[in-house]
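S.K.: There's a structure below that I have some questions on.
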Amino acid sequence: MMLSFGEAVRQFYGNYTNPEGRAQRSAFWWAQLYQTILVVVLGIVILMADGGPAFFEGLTEIVTLEDFTKKWAALGPSGKAAGYCIMAFSLVNFLPGIMLSIRRFHDLDRSGWWVFGFFLAGNLPVIGILASLGNFIWFMIQGTEGSNKYGQDPLAPNSDMFD
């Protein structure tokens, strides 16, 4: 049974440090949608703030920390507040995002170490684009049917995986 948006977000935070078990596609993609919506909304707040358009226009020109500091200083208070919120949100969601990815690989009957492998490959020029695309496609694939070495099928009718 596919998870609802709210249930997927609840499981995302409820399993903050839990790499055990399996995560179905809906659990992963609803969590991704939730995070994307929040970051986009906060990005719009930054864009609408004093200095916001100039901040975004100059992002490609930032090479050093000093360059970023100058752009940040020109940003209005609401833009800075939204920027701090994005940073805090990213920090809070870093660990549960990794754990969810591990559980998603488990659903595909793969080791959680694949997350680390895709992370490393994602940081290599050119190969990183292919690794990101591969990871994206892989997480769209349905998990193994029935139980596997990582647990019961989360789509099974009477699966109480995370209750």
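S.K.: Can you give me the accessible area per residue for the chain, using a 1.4 Å probe, in Å²?
M.R.: That works out to 60 Å² per residue.
S.K.: For L65 paired with M48, estimate the spin-label separation in nm (one decimal), with each label point 7 Å from Cα along the Cα-to-Cβ line.
M.R.: Label at L65, label at M48, 3.3 nm between them.
S.K.: So what is the orientation-averaged projected area of the chain, using the convex hull of its C-alpha atoms, in nm²?
M.R.: 10.6
S.K.: Next question, about the same structure. Specify the angular offset, from 0 to 90 degrees and rounded to the nearest 10, of the alpha carbon long axis of helix 25-48 from the longest principal axis of the alpha carbons in the chain.
M.R.: Roughly 10 degrees, rounded to the nearest 10.
S.K.: While we're on this one: No solvent, one uniform scatterer per C-alpha: report log10 I(q)/I(0) for region 69-145 via the Debye equation at q = 0.18, 0.19, 0.23 1/Å, two decimals.
M.R.: Each listed q maps to, in turn, -0.83, -0.87, -1.01.
S.K.: Compute the helix-to-body angle for 77-107: its Cα long axis versus the longest principal axis of the chain, expressed 0 to 90° and rounded to tens.
M.R.: The answer is roughly 20 degrees.
S.K.: Of the heavy-atom accessible surface of region 69-163 (probe 1.4 angstrom), what whole percent is carbon and sulfur?
M.R.: 70
The values are calculated or read from the model by the stated rules, or taken from the named source; none is laboratory data. For clarity, every value in this text was computed on a predicted model and none was experimentally measured. When we count neighbours, we look across all protein chains shown, and the Cβ atoms used for this are built from the backbone with ideal geometry, even at glycine. In case anyone asks, the SASA skips ligands and DNA or RNA and just uses the protein heavy atoms, side chains included. Shrake-Rupley method; radii C 1.70, N 1.55, O 1.52, S 1.80 Å.
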